[in-house]
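Below: one structure, written as structure tokens.
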Amino acid sequence: MSDRIAARFTALKEEGRAGLVTFITAGDPDLATSAAILAALPAAGADIIELGVPFTDPMADGPAIQEANLRALAAGISLRKILGLVRDFRATDDATPIVLMGYFNPIHAYGVDAFVADARAAGVDGLIVVDVPPEEDIEIGVPARAAGLHFVRLATPTTDEKRMPAVVNAASGFLYYVSVAGITGGATGEATAVGAAVERLKAAGNLPVVVGFGIKTPEQAAATARLADGVVVGSAIVSLIGEAARTGATDIPARVAAMVSGLAAGVRSARSSEVAA
Amino acid sequence: MLNSYRAGPDERGHFGAFGGRYVAETLMPLILDLEAAYRAARQDPAFQGEFEGLLRHFVGRPSALYYAERLTEHLGGARIYFKREDLNHTGAHKINNCIGQILLARRMGKTRIIAETGAGQHGVATATVAARFGLPCVIYMGARDIERQAPNVFRMKLLGAEVRPVTSGSQTLKDAMNEALRDWVTNVHDTFYIIGTAAGPHPYPELVRDFQSVIGREAREQILAAEGRLPDSLVAAVGGGSNAIGLFHPFLDDPSVQMFGVEAAGHGLDTEQHAASLAGGTPGVLHGNKTYLLQDADGQISEAHSISAGLDYPGIGPEHAWLHSVGRVSYVPATDQEAVSAFQLCTRVEGIIPALECAHALAYIIRTAPALSRDHLCLMNLSGRGDKDIGTIADLLGVKL
């Protein structure tokens, strides 16, 4: 099988830089705009795309992504339509990895076996299911991997040595380090601690490590890019979409692209300046 | 083959296909610590001694088992007993669990308490134990529930708790639980989350059940003393289900005892305005456990409706989901209207103002007791007092307080 995630991290390594991982909520503010945003992300500098699957009760998310979920649901998004979005995206981009990120219940309602098969067929590369820890891996991790999808695990500041084996065992694609104990869109982690955590994860998991939570500006993105294989930006982009939708803007994809270009420049500057130094 | 209904959950927190631990990774180490702390506490006579001492001297247990003589005469069938959890300190069964959990919090060295509340009973009970042990306390409560339950909100504030209104989603219990989980994941290092019902990630359903089982253990002794035999039926209202599982659990292996969990049918099961997750829901995952949920075909959670804020939740504890699936307990509905009639009848005939939650259990008894024989012993959990609900009833009757 083609492994877009592995190929992308290999290419990033060759370029000597970290990747920019952008998160948007699928169907936000509506399906057509969301498709246009998605299509604009790779050219703007997104190396990997996380596509949020809306849920009525996003318990691990802060206000920005909660509101995005409700906007998308109000506009009629569903898991089936999200797979359609991915299929359409794949018609013009067969290289940029797409990871679906969300909560388990919509997948459970869709039917796990049907979902992993349909997701793989649509061109999804991996899953992050926030509320399924390794203890419940049989529910979705096992069937996802069997269907050829990566199952990306989260590690957090509460992941101690005792917990590490559970987190890295059967993780695939990459590891996502949540740099603070908290919800999305809040504070970001302190650099020394994040750097140390990334090193521990890389040693334990032998996988690329991306870092997220609270990263909003090109400067923050650059700082994190010096520490990890990838930098995740979510709430900042989602807030921009929310604000633009509220004011009735018609150029939302262009605004998102402009923000992502800035973040990408930050990420790309980080490793080259390190090389220069 | 199943040889006991009381053996669950398994070591991974599953009751059959239900339960489990569906939480963000940040919380997993703490959930595992909590389980270890609970296992140790259960074996520790000092912990048990402190728990029982507080139940006796602070809560006022044992609560009475009361023969509802006039209601029995009025209905003309089964002999009806009330387990009087309304007589507990703070006026409901919720305090039993809060005492147990705050002792666990202290044992784990946690210094800050959070909780969610629907009707405000669990919020009041949590604020009460936090005051008793001198710990700061934040209560999350849906903005809509804050309106419906103003006296309880004031009580919590008097007890020194901070009540944070939750304005997301349906602004009721499920949203308060989301917000409490968000607080917990952010403050996991020092914070203990006192969950109010027998739901959430393992080990909460188990430990809440164990702390509430004092209800059923006492009731069993008391009915044996009063009647010389076990009851023929147990009846309790079910929202999340902690008062019901507390009553039922010690009787689960007594095959002669029938059990009825009464779900809130709101405006009726044929409408979308109800909170009956077993009768009208399907299995899914929410708030840390797999259980029956009110949801649409896409797995999006529906808003529950009940006149009783304490039953206004789109899920149910996982052990109830399992007891439903194996058929040991029958789950039956009662509507808003039936509950209000039952509330009024109990108040007039017995001189007891019941909480609207347990008025649903009473509504089922009113419907079924007349057809039962006069030697049928029916034991109902009168899980809380109804003073908190008089505003709702006054509105309904068009009375301005």
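None of the figures in this text is laboratory data; all of them are computed from the coordinates on show. Values in this document were obtained by computation on a predicted structure and should not be read as measured data. Note that we place each Cβ from the backbone using ideal geometry, even for glycine, and neighbour counts take in every protein chain shown.
Using the Cβ atoms and a cut-off under 9 Å, what net charge is assigned to the surroundings of B:LEU230, where Lys and Arg are +1 and Asp and Glu are -1? List each step's numbers first, then the result.
Details: positive: B:ARG220, B:ARG229; negative: B:GLU227, B:ASP232, B:ASP254.
After counting each charged neighbour, the total is -1.
Peptide A:105-115 shows a mean partner chain C-beta count of 4 within 10 Å per residue C-beta. Region B:238-293 and region A:120-141 have Cα centres spaced 29 Å apart. Computed on region A:4-270, with alpha-carbon pairs under 8 angstrom and 6+ residues apart, the relative contact order is 24 percent. Within a straight-line Cα-Cα reach of under 16 Å, B:LYS110 cannot be paired with any lysines, leaving aside sequence neighbours fewer than 8 residues apart in one chain. Take each residue of peptide B:290-299, count the partner chain Cβ atoms within 10 Å of its Cβ, and average: the result is 5.
Length, then width, then depth: along the principal axes, the Cα atoms of region A:1-89 run 43, 28, 25 Å. Where a ≥ b ≥ c are the square roots of the eigenvalues of the C-alpha gyration tensor, would you call chain B rounded, which needs a/c under 1.5, or, failing that, prolate if a/b is larger than b/c, or oblate? Rounded.
Reducing region B:323-380 and region A:153-217 to their Cα centroids gives an inter-centroid distance of 52 Å. With the Kirkwood sum run over all distinct C-alpha pairs, region B:5-131 has a hydrodynamic radius of 17.3 Å. Among the trypsin sites (Lys or Arg not before Pro) found in region A:26-116, not one is both in a DSSP coil and sparsely packed, with 13 or fewer other Cβ atoms within 10 Å of its Cβ.
Using the 10 angstrom Cβ neighbour count as an exposure proxy, how do B:THR111, A:THR250 rank, fewest first? If you can, show how the numbers build up before the last one.
Details: B:THR111 14, A:THR250 8.
Neighbour counts put them in this order, fewest first: A:THR250, B:THR111.
Within the protein assembly as shown, all pairs of alpha-carbon atoms sorted by distance into 10 Å bins from zero give the percentages 3, 16, 25, 24, 16, 10, 5, 1, 0, 0. Panel values: region B:1-60, Kirkwood radius from alpha carbon pairs, Stokes-Einstein at 37 °C and 0.692 mPa s, translational diffusion coefficient 232 µm²/s.
Which percent, to the nearest 5, of DSSP beta bridges fully inside chain B are antiparallel? DSSP beta bridges in chain B are roughly 30 percent antiparallel.
Our note on the geometry: Cα centres of region B:168-215 and region A:1-46, 36 Å apart.
Since only A:ALA68, A:ASN105, A:VAL232 are under comparison, the one whose Cα sits farthest along the positive direction of the charge dipole of region A:4-270, derived from C-beta charges on Lys, Arg, Asp and Glu, is A:VAL232.
Give the shape of region A:43-115 as rounded, prolate or oblate, defined through the alpha-carbon gyration tensor: a ≥ b ≥ c are the square roots of its eigenvalues, a/c under 1.5 means rounded, and otherwise the shape is prolate if a/b is larger than b/c and oblate if not. Here region A:43-115 falls in the oblate category. Working note: 222 nm ellipticity from helices only, DSSP H runs with n ≥ 4, each -39,500 (n - 2.57), summed and divided by the residues of chain B, gives -12500 deg cm²/dmol to the nearest 500.
For chain A, the average shadow cast by the Cα convex hull is 13.1 nm², which is a quarter of the hull's surface.
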